[in-house]
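Values in this text are rule-based calculations from the coordinates and carry no lab data. Model, not experiment: these values are computed from the prediction. Cβ atoms come from the backbone with ideal geometry, glycine included; neighbour counts cover every protein chain shown.
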């Protein structure tokens, strides 16, 4: 689980609290500006197996070792896609929600905002190995090296529509 340098919506604690009922090994990566330590400590009390890492440089390596990444919509999303690690995306601000509207066709497991029941539904689906394998293969195809070309087409489309 990784929600950027500061996690301004405290999705780390909210998500950890929501998934604490599962018997997962959880790795939490905190950015250098994370400030919600009291809430995180409270959520950690409910978890059976969680480790917290702070401001690390080997995020892609951790993703390769993981069965699932839960993150906000940003560069980490696409890092996870490139590694083929099944990803649940949760938007945490208006900028990400706006971007989500344009990317919702490629984000198979994404939340416009944090919603506990929907997160649990996604976790239940992704608990199946075959589903994770399918999503892994799909995400790798999305990161095919043609992103700049698609981004250019997207921006040009926005300019034409205005």
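Rounded to the nearest 10 degrees, the angle from helix 147-161 to the longest Cα principal axis of the chain is 60 degrees.
Within the chain, the percentage of alpha carbon pairs spaced more than 28 angstrom apart rounds to 19%.
Rounded, prolate or oblate: which fits region 24-73, taking a ≥ b ≥ c as square roots of the Cα gyration tensor eigenvalues, rounded meaning a/c under 1.5, else prolate when a/b beats b/c?
On the way: a/c = 2.02, a/b = 1.24, b/c = 1.63.
Oblate, since a/c reaches 1.5 and b/c is not below a/b.
Springs join every pair of Cα atoms under 10 Å in this Gaussian network model of the chain, and among 51, 108, 150 the largest mean-square fluctuation is at 150.
If R0 is 25 Å, the Cβ-Cβ spacing of residue 54 and residue 103 corresponds to a FRET efficiency of close to 0.30.
What does the helix-only formula give at 222 nm for the chain: each DSSP H stretch with n ≥ 4 adding -39500 (n - 2.57), the total divided by the residues, and the result rounded to the nearest 500 deg cm²/dmol?
Details: 8 runs with 84 residues, N = 162.
Helices in the chain give a 222 nm mean residue ellipticity of -15500 deg cm²/dmol.
Using a Gaussian network model on the chain with a 10 Å cutoff between Cα atoms, which of 13, 127, 110 fluctuates the most? The residue that fluctuates most here is 127. Would you work out if region 1-84 is rounded, prolate or oblate? Take a ≥ b ≥ c from the square roots of the eigenvalues of the alpha-carbon gyration tensor; rounded if a/c is under 1.5, else prolate when a/b is larger than b/c, oblate otherwise. It is oblate, given that a/c is not under 1.5 and a/b is not larger than b/c. With the cut-off at 1.5 for a/c, could you classify region 78-162 from its C-alpha gyration tensor as rounded, prolate or oblate? Verdict is oblate for region 78-162.
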